[in-house]
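Working notes for the structure below.
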Amino acid sequence: MKHALVIGGGPAGLMAAGELARAGLSVTLVEAMPTVGRKFLMAGKSGLNLTLDVPQDAPFDAVLTACKAPAPVHDALRDFGPLAVQDWARDLGQPVFTGSTGRVFPVAMKASPLLRAWLADLRRLGVDIRTRWRWTGWNEGFEFATPEGAETLTPDVCVLALGGASWARLGSDGAWAALLADRGVALTPFAASNAGLSVDWSAPMAKVFGQPVKGVAIRAGNALHRGEFVITARGLEGGGIYHLSPAVRAGTPLTLDLLPDWPIARVAERLSRPRGKASIGNWLRKSLKLDPARLALLLEFARPLPSGPELAKIAKALPLRHAGLRPMDEAISTVGGVAAAALDQRLMLETAPGTFVAGEMIDWDAPTGGYLLTTCFATGRMAGRQAAAFALG
C-alpha cells in the first residue's frame, strides 16, 4: 500500500488527509501542536463563517483575480466552492444556515462540533494522526522532532498544509518558510492581512474604547467600503477595517465618511445653523446626529476643527490617520508564502516532485467572509486528490 504524509492539522491538511485515505493510501497526518485544528477552533469562537451563500464560481473568481491567487487555486474552487462546502458540512451531520449578510455558519455556530465529526470520519478512514511532531527538514526523508526523539518518514507523496504566519501561539508561525527556501522553493515575504489598524489616540479617546462604529463608509483610493468596526485602545478592529489591509500595505490614504447616507449639501445646511451657547461637541452631535463613537472620531482626526463649508467636507471625507497595520501575529491571516511560480497546475512544488501544498501557505491575499476557509478546504481537497493520483499513477 502506498503511504502518504500530510504535514499540518488545520482545515487544508485534514481535507487532504481524507482525500488520500479515500483513494486507498495509508495516511499519516502530523501536527506540531498538542491537538489539531487549533486556529480553526479559535476562528469559530464568535461564529464559524464557513463560506458564502453564493453561486459556485463567479464571485470567487472575481475576488481571486483581484487577490492574484495562483491559477490552481481557481481550479480548486471551481471543483469545491461555496455550495460544495455546505454539502460537506451537512454530510458530517452539521446543518448550516445563511446569515443576513450571506455568510454561511453551522447551526451550532462553533467549530468544535464540526471538528469532532470531521476527526471521527478521518479515524473511520484509518488516518493516523500524530501530534507534537514538528517538521525539521528534508534529508533522507521528512525529518521530525517528536516527544520520543528524532523521527524520519519516507512517504510516497506528501501534502504540506502548514498555514501562514499569524497566530504563532496556535501553531501558525511561518517557520516552514526557511525549510522550503533551502529546497529552492520560490517564496514571497509574509505580511499581515485582515488586520486591524494601529492608531496613537489622544487621551480623550479613552472614553469610547470598546464602542462600535456603525453607519460609516471608508474610502481607499477609488473604492468605497461600508462595514462596522470597533475603537480599541490600540486602534481600530473589525470587519469594516480588515478588508482594507491590501490598501494599507500599498500606502493608499484612507478617508472616513461619517454620514454616507447624507449628501454634502445636507451636512453643510446642518452645520450652517447657529451654534449658540452649545459646546462644539454638543453642537456637532445634535446637528449631525452623531453617536459618541463617530463624534469622537471627528474630533480626533479633524483637529483643529475647520469652520464653515470645510467642516462639512471633513465630515464626509475625514482623514483616517493611522500607524499602519497591527503586528502580523495579531492578523487573522497573512499574505505571502509559496509563490505561484513554485507550483505546477496540480499544486505540486516544482523543485520537490511528489510534494504538494495547500491552504494559507500559498501566496494570495484572502479576504474575510468565508473566502479563506473555503479556499483552505478546496486546495486541501485538490492537493490530496492530486497527490493520490501521483502516487497511484
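Per the listing Gly210, Gly221, Gly240, the residue uniquely among the small types (Gly, Ala, Ser), within 20 Å of Ala195 (Cβ to Cβ) and surrounded by 19 or more Cβ atoms within 10 Å (Cβ to Cβ) is Gly240. In segment 303-321, the residue that is nearest to Arg273 (Cα to Cα) out of those that are within 32 Å of the chain's Cα centre (by Cα) and assigned to a loop (DSSP other than H, G, I, E, B) is Ala317. Can you find a residue in segment 2-17 that is surrounded by fewer than 24 Cβ atoms within 10 Å (Cβ to Cβ), of a type in the set (D, E, K, R) and touching a Gly at 6+ places or on another chain (Cβ under 7 Å)? No; the residues of segment 2-17 include none that is surrounded by fewer than 24 Cβ atoms within 10 Å (Cβ to Cβ), of a type in the set (D, E, K, R) and touching a Gly at 6+ places or on another chain (Cβ under 7 Å).
Residue check: is Met1 of a type in the set (A, V, I, L, M, F, W, C), modelled with pLDDT under 95, over 20 Å from the mean Cα position of the chain (by Cα) and assigned to a loop (DSSP other than H, G, I, E, B)? The answer is yes for Met1.
Cβ-Cβ distances below 7 Å connect the following pairs, each with a first residue in segment 304-319 that is within 10 Å of Val267 (Cβ to Cβ), a second residue that is part of a strand (DSSP E or B), and a separation of six or more residues or different chains: Lys316/Asp257.
If you scan segment 226-260, which residues turn out to be among the polar types (S, T, N, Q) and more than 22 Å from Ala206 (Cα to Cα)? Talk me through it step by step, then tell me what you get.
Start the filter on segment 226-260 by keeping residues that are among the polar types (S, T, N, Q), which leaves 232, 245, 252, 255.
Result: Ser245, Thr252.
Within 30 Å of Thr154 (Cα to Cα) and among the charged types (D, E, K, R) - does that describe any residue in segment 306-325?
No: zero hits.
Restricting segment 181-207 to residues that are out of contact with any helix residue (DSSP H, G or I) (no Cβ under 8 Å at 6 or more places or on another chain) and aliphatic (A, V, I, L, M), which is surrounded by the most Cβ atoms within 10 Å (Cβ to Cβ)? Before you say what the answer is, go through the steps one by one.
Looking only at segment 181-207, we keep the residues that are out of contact with any helix residue (DSSP H, G or I) (no Cβ under 8 Å at 6 or more places or on another chain), and these are 181-184, 188-189, 198-200, 203, 206.
Restricting the remaining residues to those that are aliphatic (A, V, I, L, M) gives 181, 199, 203, 206.
Working: Ala181: 11, Val199: 22, Ala203: 6, Ala206: 12.
Here the answer is Val199.
How many residues, within segment 347-393, are within 17 Å of Arg22 (Cα to Cα), crowded, with 22+ Cβ neighbours inside 10 Å and small (Gly, Ala, Ser)? Qualifying residue count, segment 347-393: 6. In segment 314-340, of all residues being small (Gly, Ala, Ser) and closer than 16 Å to Arg303 by Cβ, the one that is surrounded by the most Cβ atoms within 10 Å (Cβ to Cβ) corresponds to Ala315.
Being among the small types (Gly, Ala, Ser), surrounded by fewer than 17 Cβ atoms within 10 Å (Cβ to Cβ) and either under 17 Å from the mean Cα position of the chain (by Cα) or not assigned by TED's automatic domain parsing to the domain that holds Arg130 (or both) is the requirement here; does Ser26 meet it? Taking the combined requirement at face value, the residue does not satisfy it. Taken together, Leu77, Leu48, Leu64 contain a single residue that is assigned by TED's automatic domain parsing to the domain that holds Gly337, within 15 Å of Tyr371 (Cβ to Cβ) and in contact with a strand residue (DSSP E or B) (Cβ under 7 Å, 6 or more places away or on another chain), which is Leu48.
The values are calculated or read from the model by the stated rules, or taken from the named source; none is laboratory data. A quick note: this is a predicted structure, and the numbers were derived from the prediction, not measured. With ideal geometry, Cβ positions are generated from the backbone for all residues, glycine too; neighbour counts draw on all protein chains shown.
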